[in-house]
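Throughout, read-outs are computed from the coordinates displayed, never taken from laboratory work. Because the structure is predicted, anything quoted here is derived from the model rather than measured. Using ideal geometry, Cβ is built from the backbone for each residue, glycine included, and neighbour counts are taken over all protein chains shown.
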Amino acid sequence: MRRTEKKPRGKSEAMILFGVGSYTFAIAAHAVEEIRNLDGIRPLPAGAATPRLGKFKHVLDRDRKKYFVVDSNLHFRLFPSKGTRLLVLRDSAAAVLVDHTERIIEIGSLHALPRAFQGEERQWYRGLAMIEERVVPVIDPAAFMSKAEFTVLQAAVAGAEEAKRGAATA
């Protein structure tokens, strides 16, 4: 009789793998409402462009809701690359500009961040996953846009739209 060893099955989580430059990241699939092309994005109004909010360059109007587009190169402080896809986040007003999406996978475990991860990096990532012998950072979607950033962006866009309407009626 042959004995088969089974690994204990833990709770798995669906992840979307995406690329920014030469780097691969993962984000929980349940945190992403839609993966889409760049149709419909427009530049943020000039008044919203401040150095503190430099990672936000565009806005997407979708289903009567505004999504502020985070440039993932600027967010992660990576060299510029060509963003071609948007990850529209669920329960957020953020959409993330990424170079490409790879696929959806299931991961069985999430490893804690080593101490080498310092400062902002500890907020960006939930942990690390081993995927086909690669170590892949798993993103915390809440790190893309804070409530304070959202408030400032929302006010700047509303002010610019109000000024535009006022100029049109004058």
Problem set entry | Rh by Kirkwood over Cα pairs, then Stokes-Einstein D for the range 13-169 at 1.306 mPa s and 10 °C, µm²/s | 97
For this session: Answer with one residue from V98, L86, G127: the one whose Cα lies farthest towards the positive end of the charge dipole of the chain, charges on Cβ with Lys, Arg +1 and Asp, Glu -1.
Result: G127
Seminar exercise, completed: For the range 22-35, in residue order, the Karplus 3J(HN,Hα) values (coefficients 6.51, -1.76, 1.60; θ = phi - 60°; whole Hz; Gly and Pro = x) are 8, 9, 10, 10, 10, 9, 4, 4, 5, 8, 10, 7, 7, 10
Seminar exercise, completed: In whole angstrom, the spacing between the Cα centers of the range 128-151 and the range 11-66 equals 12
Exercise. Rounded to the nearest 500, what is the chain's calculated 222 nm mean residue ellipticity when only DSSP H runs of at least 4 contribute -39500 (n - 2.57) each, over all residues?
Worked result: -5500 deg cm²/dmol
For this session: Between A129, A95, A46, find the one with the highest GNM mean-square fluctuation for the chain; connect C-alpha pairs within less than 10 Å.
Result: A46
Problem set entry | Full-extension gain in nm, N37 to R77, via 0.36 nm per residue minus C-alpha separation | 12.1 nm
